[in-house]
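Okay, so here's the structure we're looking at.
Here, each number is a calculation from the coordinates, and none is a lab measurement. Owing to the predicted nature of the structure, the values given are computational and were not obtained by experimental measurement. Neighbour counts are summed over all protein chains in view; Cβ atoms, including those assigned to glycine, are modelled from backbone coordinates with ideal geometry.
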Amino acid sequence: ELVAVYPNLSEEDPILLTKDDLARLEEGGHLNCTLINYRLRFFQEELKSLDPEMFKRCHFFNSFFYKRLLQTMQGGSSAKEREDAYQHVRRWTKHVDLFSKDYIFVPINESL
């Protein structure tokens, strides 16, 4: 059951929080990708409003990027499989020049 949307549905890639996600915040619970992405997105929005110039110097990946990156690095046995895997990661930076950024955030969920 959906309980919250951040920042809102009209924004690009909103974070959808469910009751199951919130239950993970209880003692003994473990964070999942949705919770990690929520907090990172909250940080992004705060930075954008408080320090727009610093925000422009940063790039934020979501927690799924690292999982895809690991899959790419493991690659396949053939050149075709490795090329296909690379194309999946390549799309994540299609519209951004990472070398022009001072800070790159890559959240890592070790349980993936």
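Once you have the Cα-Cα distance between TRP92 and ALA23, take 0.36 nm times their residue separation minus that, and quote the gain in nm to one decimal.
Length gained between TRP92 and ALA23: 21.8 nm.
Across the range 18-31, in residue order, what do the Karplus-derived ³J(HN,Hα) couplings come to in whole Hz, using 6.51 cos²θ - 1.76 cosθ + 1.60 with θ = phi - 60° and x for Gly and Pro?
Per residue, the Karplus-derived 3J(HN,Hα) values read 10, 4, 4, 4, 5, 5, 5, 7, 5, 4, x, x, 10, 5 Hz.
Treat each spin label as a single point 7 Å out from the Cα along the C-beta direction, and report the PHE55 to PHE42 distance in nm.
Each label point is offset 7 Å from its Cα along the Cβ direction, giving 1.7 nm.
So if I place +1 on the C-beta of Lys and Arg and -1 on the C-beta of Asp and Glu, and nothing else carries charge, what would the dipole magnitude of the chain be about its Cα centre? I want it in debye, nearest 20.
Working: 15 positive and 18 negative charges, 100 e Å.
With Lys and Arg at +1 and Asp and Glu at -1, about 480 debye.
Which is the longest run of the chain containing none of the GluC sites (Glu not before Pro) found in DSSP loop states (not H, G, I, E, B) with at most 14 other C-beta atoms within 10 Å? Mind dumping the intermediate values first?
Numbers: sites that count: GLU1, GLU11, GLU12, GLU26, GLU27, GLU110.
Between exposed loop sites, the widest span is 28-109.
List the pairs from LYS67/LYS101; LYS48/LYS80; LYS19/LYS67; LYS48/LYS94 whose alpha-carbon separation is above 32 Å, in the order I gave them. Write down the numbers at each step before the final one.
On the way: LYS67/LYS101 22 Å; LYS48/LYS80 40 Å; LYS19/LYS67 24 Å; LYS48/LYS94 21 Å.
Over 32 Å Cα-Cα: LYS48/LYS80.
Report the residues of the range 27-49 in range of a label on GLN74: point 7 Å along Cα→C-beta, backbone N strictly under 19 Å from it.
Counting backbone N atoms under 19 Å from the label point, the list is 33.
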